[in-house]
Amino acid sequence: MNIHHDPKHLHIKPGLAIAISEIDLSAVRAQGPGGQNVNKVSSAIHLRFDILASSLPEIYRAKLLALNDQRITKDGVIILKAQQSRSQEQNRIDALQRLQELLLSVTVTPAQRRPTKPGRNAQRKRVDSKTRRGKDKAMRGKVLI
């Protein structure tokens, strides 16, 4: 996923992009270990993206709202927190990539499944192997004199 080449848009797939201005990015202090640095520097990124107010096509907005994802609030806002890195810029890139992956996941339509039947030769082979197996088992019976 490449988000570096256009500072004004987040490209989701060819022909589909959202303006960075639609995404609310704010720096917050990270949780967890990190010594004194974690208490002084706001290196974590809090990303908020309002699905309903976005410029996404209606079909993708509906799919996003239908997702059962804990990152999407009841009000239709995607909230992501990136705090893996000690670098604020790296966390910003990580948050945008995660948003990009989430948005890309709703644009992919699964291939339509075509029901198939086994061929006549496969059916014949199956029945032949069953009868052969049955004969083998029948030979294990008691010998009648």
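Where a number appears in this text, it was derived from the coordinates with a stated rule and is not lab data. Every value quoted in this text rests on a predicted model; they were computed, and no experiment measured them. Positions of Cβ are backbone-derived with ideal geometry, glycine not excepted, and every protein chain shown enters the neighbour counts.
General observations
- Potential extension, D24-K137 segment - 0.36 nm per residue separation minus Cα distance: 33.5 nm
- FRET efficiency estimate (nearest 0.05) - Cβ-Cβ, K40 to L65, R0 41 angstrom: 0.60
- Candidates P115, P14, P57, ranked by Gaussian network fluctuation over the chain, Cα under 10 Å, top entry: P115
- Of Q83, Q97, Q123, the residue with the greatest mean-square motion in the GNM of the chain, using alpha carbon springs below 10 Å, is Q123.
- Ordered by the count of other Cβ atoms within 10 Å of each Cβ, fewest first, E101, E22, E58 give E58, E101, E22.
- The chain: angle of helix 88-107 to the longest principal axis, Cα-based, in degrees nearest 10: 40
- Measure of compaction for segment 9-107 (Cα Rg per 2.2 N^0.38 Å): 1.14
- Working note: Karplus 6.51/-1.76/1.60 with θ = phi - 60° gives segment 121-135 the couplings 5, 5, 5, 4, 4, 4, 5, 4, 5, 5, 5, 5, 5, x, 5 Hz, where Gly and Pro are set to x.
- Inter-label distance, E101 to Q123: 4.6 nm, where each label sits 7 Å from its Cα along the C-beta direction.
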